[in-house]
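A short worksheet on the structure shown next.
The values are calculated or read from the model by the stated rules, or taken from the named source; none is laboratory data. This is a predicted model, so every value here is computed, not measured. With ideal geometry, Cβ positions are generated from the backbone for all residues, glycine too; neighbour counts draw on all protein chains shown.
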């Protein structure tokens, strides 16, 4: 092919890409130009385009527009996190008053119904904000992608969080029937029926979420929850050691070194000072007044 012919084929492609970029830029400019002046008395901004309006204005470049709304969703949550005085977890963002998050995720998935990350994010974040929106958006994803078993995993997770173990088990079972679904999806139905609220079930859910997550923020959240479960079990074991010592000596140990032998026997990691450390590597606190053990509030392990 000659240079002239190659250029003649590349020109329509370049014009198409340019038109797509201009479309997204125009959509963004329209939203900004119609935004009212900032009012310090207004607690929450509005979404200036409905999902269907945004889809019409994208001029067929729905994927690019969906990316824009997805990025805007993350920025919206990020700003709220930065301005909040206390640390909050990704799956417990209720205190941030995220009224705009559901409409943003809804618009992103209307523009691109095959875009999986917003569905996953909705399943993890929205239950603490508005569980009805979380369920609605996830079911919307299932309707648009009926063969995507991971969406059933996300919906089952929402029901499990709400302690609706029957609905969670049925949802996992439905997803297990889809092509490519792993065997553990069907096993989750029995687990929900027998021990839906147990730590072992929670561990299974967060482990599978960590393995399957398409978003790094969701994967990090799952990892932190797994550390939390490990810590809960370690603290139970440490309390048993403390109680045994107190029963034998009629007092609480003044330091962790006094129970160095039992700590070594239970194989809990200890630092150079003989203090047991949590899964994030932060020393546990010995609460002498109640002969108990607690997390350091500076630990990376979620406190609740």
When residue 221 is run through (1) more than 30 Å from residue 119 (Cα to Cα); (2) in contact with a helix residue (DSSP H, G or I) (Cβ under 9 Å, 6 or more places away or on another chain), the failure sits at (1)
Suppose we filter 302, 262 for residues that are within 22 Å of residue 202 (Cβ to Cβ), at pLDDT below 95 and in contact with a helix residue (DSSP H, G or I) (Cβ under 6 Å, 6 or more places away or on another chain); which single one remains? 302
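Of all helices (runs of 4 or more DSSP H) completely enclosed by the stretch 198-304, which ones contain at least 1 residues that are touching a strand residue (DSSP E or B) at 6+ places or on another chain (Cβ under 7 Å)? Steps first, answer last, please.
On the way: elements: 199-212, 216-249, 260-265.
Passing ranges, in order: 216-249, 260-265.
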Residues of the stretch 154-169 satisfying the condition of being surrounded by fewer than 19 Cβ atoms within 10 Å (Cβ to Cβ) and part of a helix (DSSP H, G or I): 161, 166, 167
Pairs returned, first residue in the stretch 50-75 that is at positive phi and at pLDDT below 75, second residue that is surrounded by fewer than 19 Cβ atoms within 10 Å (Cβ to Cβ) and assigned to a helix (DSSP H, G or I), beta-carbon separation under 7 angstrom, 6 or more apart or interchain, are 59/23
Considering every residue within the stretch 270-277, establish whether at least one is touching a residue at least 40 places away in the same chain (Cβ under 8 Å) and either surrounded by 14 or more Cβ atoms within 10 Å (Cβ to Cβ) or under 30 Å from residue 202 (Cα atoms) (or both). yes
Return the pairs, sorted by first residue and then second, in which the second residue is modelled with pLDDT of 85 or more and assigned to a loop (DSSP other than H, G, I, E, B), the first residue lies in the stretch 78-93 and is on the phi > 0 side of the Ramachandran plot and exposed (fewer than 15 other Cβ atoms within 10 Å of the Cβ), the beta carbons are less than 9 Å apart, and the residues are 6+ apart or on different chains. none
Scan the stretch 97-141 for residues that are buried (at least 21 other Cβ atoms within 10 Å of the Cβ), more than 16 Å from residue 78 (Cβ to Cβ), touching a residue at least 60 places away in the same chain (Cβ under 8 Å) and under 17 Å from the mean Cα position of the chain (by Cα) and report the count. 1
If you go through the stretch 178-208, how many residues are free of Cβ contacts under 8 Å to residues at least 24 places away in the same chain, under 22 Å from the mean Cα position of the chain (by Cα) and surrounded by fewer than 14 Cβ atoms within 10 Å (Cβ to Cβ)? 2
State which residue is surrounded by the fewest Cβ atoms within 10 Å (Cβ to Cβ) when the search covers only the stretch 224-259 and only residues that are under 30 Å from residue 124 (Cβ atoms) and in contact with a helix residue (DSSP H, G or I) (Cβ under 8 Å, 6 or more places away or on another chain). 233
